[in-house]
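The values are calculated or read from the model by the stated rules, or taken from the named source; none is laboratory data. Just so we're clear, the structure is a prediction, and the values are computed from it rather than from any experiment. Note that we place each Cβ from the backbone using ideal geometry, even for glycine, and neighbour counts take in every protein chain shown. Heads up: the accessible areas ignore ligands, DNA and RNA and are worked out on the full protein's heavy atoms, side chains in. Shrake-Rupley method; radii C 1.70, N 1.55, O 1.52, S 1.80 Å.
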Amino acid sequence: MDQTIINDAIDFVRSIFKDDFSGHDYYHTLRVYKLATRIAEQEHAEVLTVQLAALLHDVDDIKLSPQTHANKDNAVAFLKKHGVTDAMIKTVCEIIGEVSFRGTDSVVPQTIEGKCVQDADRLDAIGAIGIARTFAFGGNHNQAIHDPEIKPLLNMSASQYRNHVSTTLNHFYEKLFLLADMMNTATAKEIAKQRHEYMQGYVAEFLAEWDGVR
């Protein structure tokens, strides 16, 4: 039963995100699922709950599906179709609701399962793939790569973060450089160290090249 629903969830998210090129695509979900499973095993969390929440974490994302966001309609419909208990559906939806970065309004998940999923999602936002996703998202949303006249806006609330128009490079300062210190689990903190350092090195090189220093 467990593997059947996981396989079906993988197929479900593949169908939903097949035409997404913003960085929140099917492969992002798959990476979050694999990372969340790895973290859950290390942190002794309930693995199936983590896997389902990881696989479904973006299917009702406010940026991607605003009409289903409030009630997690896509996630709930999938879980009900597969005979998941109401209690499990509630738990998975609570985890999904806690995942996203919301600036100063970001929440720390209540459960170890929620912490595993949030950490996995944040890990995929940093490091080499995080850099690639950031520029893909910026291009998809018509953002400038960099404008030295536009300064990063720090300490934004959820509303400010969602509505703020910025540049792709500013996103590193406004979110990505903050994430390593926001990891919940020991496993994720260890993974985040190298990814954070790689990202810092990239931005330093970017700015040196931008200014013609290198």
Original post:
crowded, with 20+ Cβ neighbours inside 10 Å, touching a residue at least 12 places away in the same chain (Cβ under 8 Å) and either closer than 18 Å to LYS189 by Cβ or polar (S, T, N, Q) (or both): does that describe ASP124?
Top reply: yes
Original post:
Would it be correct to say that GLY114 is open to solvent by less than 20 Å² (accessible area, probe 1.4 Å), at negative phi, of a type outside the set (Asp, Glu) and at pLDDT 95 or above?
Top reply: yes
Original post:
Wholly within region 126-178, which helices (runs of 4 or more DSSP H) include no fewer than the required count, namely at least 3 residues that are β-branched (Val, Ile, Thr)?
Top reply: 127-140
Original post:
Among HIS146, HIS171, HIS141, which is the only one that is loosely packed, with under 14 Cβ neighbours inside 10 Å and on the phi < 0 side of the Ramachandran plot?
Top reply: HIS141
**OP:** Quickly run through region 57-78 and pick out the residues that are modelled with pLDDT of 95 or more and part of a helix (DSSP H, G or I).
**Re:** ASP73, ASN74, ALA75, VAL76, ALA77, PHE78
Subject >> Cβ-Cβ under 7 Å pairs, at least 6 apart or on other chains, region 182-198 side under 13 Å from CYS116 (Cα atoms), far side open to solvent by 40 Å² or more (accessible area, probe 1.4 Å) and of a type in the set (Lys, Arg) >> reply: MET183/LYS189; ASN184/LYS115; THR185/LYS115
**OP:** State which residue pairs qualify: first residue under 19 Å from PHE101 (Cα atoms) and without any contact (Cβ under 8 Å) to a residue 24 or more places away in the chain and inside region 52-78, second residue part of a loop (DSSP other than H, G, I, E, B) and open to solvent by 60 Å² or more (accessible area, probe 1.4 Å) in any location, beta carbons under 6 Å apart, and separation of 6 or more residues or different chains.
**Re:** HIS69/ILE62
**OP:** With the condition kept exactly as written, say whether any residue in region 61-75 is under 27 Å from TYR173 (Cα atoms) and open to solvent by less than 30 Å² (accessible area, probe 1.4 Å).
**Re:** yes
**OP:** Give the residue, chosen from PHE78, PHE21, PHE12, that is open to solvent by less than 30 Å² (accessible area, probe 1.4 Å) and touching a helix residue (DSSP H, G or I) at 6+ places or on another chain (Cβ under 7 Å).
**Re:** PHE78
